[in-house]
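The values are calculated or read from the model by the stated rules, or taken from the named source; none is laboratory data. A quick note: this is a predicted structure, and the numbers were derived from the prediction, not measured. Cβ sites come from the backbone with ideal geometry, for glycine too, and all protein chains shown count toward neighbours. The protein model used for the area step is the full one, side chains on, heavy atoms only, and it has no ligands, DNA or RNA in it. Shrake-Rupley method; radii C 1.70, N 1.55, O 1.52, S 1.80 Å.
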Amino acid sequence: AEAAAAKIAIQEKLEQELLEKERLERVEKERLEAEEAITFQTKEVTQPVLPKEDPTITAQTIETMVAPLKTRTLYDILQCPTTASRKDLKRSYLSLAKQSHPDALLQMGKSQNDETERRFAEITQAWKILGDSTSRRRYDRELRAKGISSKAGNIFEGWVMGAAKVMDEALAKAENDLENGGEMRP
């Protein structure tokens with residue numbers, strides 16, 4: 001009789017565990033579906049601008065259609081993700097600079113033109129900003145502010161930029177204080 005009671009108790013416990021597992025799987029599935037719904041709702045799709053009157057496709061109309069899709073950042077110029085470390089940014093900068101530096105082009109027997117000069121200047125400017133931690137923080141905040149302003153108009157951009165500047169100054173001061181002996185000064 002005791003063995004039968006123990007067997008029934010074990011079966012009931014197994015059934016309860018199975019029901020709990022099924023419940024947890026349902027909850028997880030619902031959570032994933034909710035995340036997908038949120039992600040789907042927040043994705044913006046920018047439609048190209050089509051010419052209104054003349055159906056002839058020219059360089060101008062192509063540029064007009066493609067312009068909304070172009071959003072080049074300094075990270076794009078250095079061919080790195082926004083999460084790249086300073087070391088990765090520097091490695092990419094050096095590699096790209098070697099390919100587009102005027103002296104390197106001459107050594108490879110390639111001619112220098114306005115496009116190659118512009119490209120080298122872009123790469124150098126991108127590194128100048130992203131290579132400095134304070135400038136990079138400020139730039140990253142500007143990118144986020146532009147993302148906010150494109151969704152909510154220009155209402156918050158000034159406020160976000162002002163707050164970002166104050167934060168950058170405070171962080172730069174704290175970093176400087178830590179580098180100069182580890183003491184924070186008012």
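Data overview
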quantity	calculated
Per-residue ³J(HN,Hα) for the stretch 18-33, Karplus 6.51 cos²θ - 1.76 cosθ + 1.60, θ = phi - 60°, Hz, x for Gly and Pro	5, 4, 5, 4, 4, 5, 5, 5, 5, 4, 5, 4, 5, 5, 5, 5
Accessible-area composition of the stretch 104-148, carbon plus sulfur, in percent [1.4 Å probe]	53 percent
Modelled FRET efficiency - R0 30 Å, Leu106 with Ala84, Cβ distances, 0.05 increments	0.50
